[in-house]
1. Pick from Ala54, Ala138, Ala173 the residue whose mean-square fluctuation is largest in a GNM of the chain, springs joining Cα atoms under 10 Å.
2. So which aspartates and glutamates can Lys86 reach, going by Cα to Cα under 12 Å and dropping same-chain residues fewer than 8 places off?
3. Gain in length, Arg75 to Thr45, computed as 0.36 nm per residue apart minus the alpha-carbon separation, to one decimal in nm?
4. At 0.36 nm per residue, minus the direct Cα-Cα distance, what do Gln201 and Lys166 gain on full extension? Give it in nm, one decimal, please.
5. Kirkwood Rh over Cα pairs of the chain into Stokes-Einstein at 25 °C, 0.890 mPa s: D in µm²/s?
6. Roll a 1.4 Å probe over the protein heavy atoms and report the accessible area of Val76 in Å², nearest 10.
7. So, taking all protein chains as they sit and a 1.4 Å probe, how much accessible area belongs to Ser79, in Å² rounded to tens?
8. With an 8 Å cut-off on Cα pairs and a minimum separation of 6 or more residues, tell me the relative contact order of the stretch 109-204 in percent.
Amino acid sequence: EECYPIEDDRRKFFQRICEKKQPSIGYKLLCLLHEMGLIQSVWTTNFDDLGLNAAITANLLPIDITLDTIERIFRVQNSKELLFIKLHGDYKYGPLKNTTGELATQDATFRQQMITYLKDKHLIVSGFGGRDESIMEALTATYQQQGAGRLYWCGYGRNIPSSVAKLIEVARANGRTAYYIPTDGFDKLFVSLTSACSKAQQSF
């Protein structure tokens, strides 16, 4: 924030970091889980296109939804589509949310759609430590309401951040199913998930 007070300079900084990077195994397996009918959308705080590129390589139909194309979130979703909702924007164009002031609030449309979407859909959190107060506020509002959607917070290691522990308490207090699951990171989590889901499908 101090080095790049101008937004466009920050965008170019992230562009230099993100360009020519290749998706890891976790992103590729995420796409496989979508093909198996288990993942419908990805809500991410990342600026990069790693998930999007993995989906294109897998011949899927990714729908890129950023702060610059918020209206796409209202589309009627086809089962073949994999939505990528970029809560903090995209480094290629449009606004970004990165500085302290920018992260203070979540986009109102994204916030409301998240609350509605997660009422009856399960959420797996990975790679997010809960430090973005605007997203934690939106998730708190989500799980303050009764619904069938479960929360699986897959954190790195066994130490539960206080903000995450509080969210799980809120969810359980309102009749929602919520767990903290210690993991060794995003890639290993999706290796384990894919292995377990593949065995489950083969058993039928």
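The values are calculated or read from the model by the stated rules, or taken from the named source; none is laboratory data. A quick note: this is a predicted structure, and the numbers were derived from the prediction, not measured. Every residue, glycine as well, gets a Cβ built from its backbone with ideal geometry; the counts of neighbours run over all protein chains shown. For accessibility, only protein heavy atoms count, side chains too; no ligands or nucleic acids. Shrake-Rupley method; radii C 1.70, N 1.55, O 1.52, S 1.80 Å.
1. Ala173
2. List returned: Asp48, Asp49, Asp64, Asp68, Asp107.
3. Working: separation 30, 0.36 × 30 = 10.80 nm, distance 2.10 nm.
Between Arg75 and Thr45, full extension yields an extra 8.7 nm.
4. Stretched fully, the Gln201-Lys166 segment lengthens by 9.1 nm.
5. On the way: Rh = 17.9 Å.
Rounded to a whole number, D works out at 137 µm²/s.
6. Roll a 1.4 Å probe over it and Val76 shows about 140 Å².
7. 100 Å²
8. 28 percent
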